[in-house]
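These notes concern the structure reproduced below.
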């Protein structure tokens, strides 16, 4: 397992060591001790989530202003473009984002610490994501940052208008949302 740096130092792409041959493959998708060594801190995961979406579904950009969640995301079917936006006001990269392709084929994972909004768009016919979180879902603390906020300048790989949930249609501009210190 190794990490690949991104434009925002706290966001990491985690690439597992895959052992494959003509029969298939094997890899260790998670090892607490190795993972904590890679990210340089403790990470106590308390919840696993599984999401399935069809092509052009855009989910996000979500975060919890209290009970902030760090996330470790991977795709087990299909391909998504995953996005994390820095919402830490004291950060030199506040308001900036990182976009990563995650797929069943590349087997990469995306580590998103607390203080970031997260979203993704499905670019394959179907995609299934598994992700671990360091705190429980708390709908009363959940916020939705508008996926198309012009201040973010995210160039989503759209194929027409994205398919959005009602919650995501109501996303707010960064300037109108609470953020982290």
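Each value in this text was obtained by applying a stated rule to the coordinates, not by laboratory testing. Note that this is a predicted model, so its numbers are computed, not measured. Neighbour counts are summed over all protein chains in view; Cβ atoms, including those assigned to glycine, are modelled from backbone coordinates with ideal geometry.
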Next item on the list: Calculate the spin-label point distance for residue 25 paired with residue 141, positioning each point 7 Å from the Cα along the beta-carbon direction, and give it in nanometres.
Entry: 3.5 nm
Check: In segment 90-168, if every C-alpha pair distance is counted and binned at 10 Å from zero, what percent goes to each bin?
Finding: 12, 44, 39, 5
Margin query: Tell me the relative contact order for segment 1-90 as a rounded percent, counting alpha carbon contacts under 8 Å between residues six or more apart.
Written below: 14 percent
Checklist line | q = 0.14, 0.18, 0.30, 0.32 Å⁻¹: log10 I(q)/I(0) that the Debye formula gives for segment 139-181, counting C-alpha atoms only | finding: -0.37, -0.60, -1.22, -1.26
Next item on the list: Pop a pseudo-label 7 angstrom from the Cα along the beta-carbon direction at both residue 172 and residue 42 and give the gap in nm to one decimal.
Entry: 3.3 nm
Note to self: Taking a virtual spin label 7 Å from the Cα of residue 67 along the C-beta vector, which residues in segment 32-49 bring their backbone nitrogen under 13 Å of it?
What the structure shows: 46-47
